[in-house]
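Below you'll find the structure, written out as structure tokens, and then a few comments.
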Amino acid sequence: MQDFPVFLAHCREKLPGNTFTAVRAVYDREVHLTDQWLTRRGLTGHHNHPGSPRHTRAFAARLTFHLRDHRIGPAPDQAHALARLRGIQTALLFRGYLLRWQYETLGAGPTTRLLSQLTARVCDKLRAAATIEDAAATALSIHLSHGPTGLGLITCGNTAPDGHAIHLPVTGSPYATEETRFLTVPWKWRSHHHRPIELSALDVLHLESEDPVLLPEHAAPLVAAHLAYRRQQGATDSDPLFLHPDSPGVKSPEPGLREAVLRTCHRIHLNPAWLHRSHYRHGDEDQRDATQAGWMHHRGLDLIPLSDHIRSRLRTATTPPSGPAPAAKGPDATSTARSPGTTSSSGACSPPA
């Protein structure tokens, strides 16, 4: 497996011409789309210095939404997922971030782990093996690659009627740190087995965002069915989507949802790497830092900010020269401009203009 700086060069050496052309088209398009996303959405609206721990954490949460719901998760196959990932890595590098993929930690077939596990076949199994509520909670947990932490905060009004999207907007001051910004929970009883259930913003980075969580088309009916069931019970927009079965509105539904997700995954023969009933030797998912859990972590991805010195050099290297560009000479010369990080026809990464 070749890393992203030599990805296209390796593809050109190993693949036939037509196949390499198709791979490069996917790669170049991903570089362009990621660069546009970074300019319009990814790096905008932050209140911290780029590269600081809090800025990196907030940006990683946005990037997770982007990769999971728009680019890598919905890829048609593992070849597209790998080509998209390499293009995204290149675009992020020129913006001062290294998206590292530690594929050696994933075992055999690491590219298959990039794709969403919430496939159409899994959704069919959920319909046959679980109740409406358990199927919806399990589908969300599989899509997020995260336990049901925070699912009790989702209201019926946060959920699209057709089940394709869930939007848990950010509440509270944007200047408060994620560790100190605690969330208002819709239930009254805030402890379980003498353990407090007090959610901070750090616990729901996989859900709370300006961007909605977008579910695959084949999974949306599972959430829509549960929403219709809650509406039939008389739930309003402000009522929670998931309830405690015995004490609705008084006790947190999340401990029960955790057991329901584990039970349902066992029935459909799916082993969720992010959820364990007994003690896990690498630590429980509720006790780990948010950067060590979730969609990116379970695909071997982590985001590393580059130093200020490297950032300044990258900005200098990617700044276009002032004045009009010199006219190209010769019959074969073209004036097509490439985005920073795209590659030449030789397959090697070309230096930015």
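Here is a yes/no grid of residues against (1) touching a strand residue (DSSP E or B) at 6+ places or on another chain (Cβ under 9 Å); (2) in a strand (DSSP E or B):
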{"position": "L67", "(1), (2)": "yes, no"}
{"position": "P76", "(1), (2)": "no, no"}
{"position": "H80", "(1), (2)": "no, no"}
{"position": "L85", "(1), (2)": "yes, no"}
{"position": "L99", "(1), (2)": "yes, yes"}
{"position": "E104", "(1), (2)": "no, no"}
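Answer yes or no: is there a residue in the range 44-55 that is touching a helix residue (DSSP H, G or I) at 6+ places or on another chain (Cβ under 8 Å) and either among the basic types (K, R) or part of a helix (DSSP H, G or I) (or both).
Looking for residues that are touching a helix residue (DSSP H, G or I) at 6+ places or on another chain (Cβ under 8 Å) and either among the basic types (K, R) or part of a helix (DSSP H, G or I) (or both), one finds none in the range 44-55, hence no.
How many residues, within the range 64-110, are open to solvent by less than 20 Å² (accessible area, probe 1.4 Å) and at positive phi?
Going through the range 64-110 one residue at a time, the tally reaches 1.
How many of the residues making up the range 242-279 are without any contact (Cβ under 8 Å) to a residue 40 or more places away in the chain and closer than 25 Å to L227 by Cα?
Looking only at that region, the number is 8.
Taking the conditions exactly as written (closer than 20 Å to D302 by Cα and part of a helix (DSSP H, G or I)), does F20 satisfy them or not?
Taking the combined requirement at face value, the residue does not satisfy it.
If G45 satisfies all but one of (1) of a type outside the set (K, R); (2) over 21 Å from the mean Cα position of the chain (by Cα); (3) at pLDDT below 90, what's the number of the condition it fails?
Of the numbered conditions (1) of a type outside the set (K, R); (2) over 21 Å from the mean Cα position of the chain (by Cα); (3) at pLDDT below 90, the odd one out for G45 is (2).
The values are calculated or read from the model by the stated rules, or taken from the named source; none is laboratory data. Model, not experiment: these values are computed from the prediction. Note: ideal-geometry Cβ built from the backbone for every residue, glycine included; neighbour counts use all protein chains shown. Just so you know, the surface numbers come from the protein's heavy atoms only, side chains and all, with ligands and any DNA or RNA stripped out. Shrake-Rupley method; radii C 1.70, N 1.55, O 1.52, S 1.80 Å.
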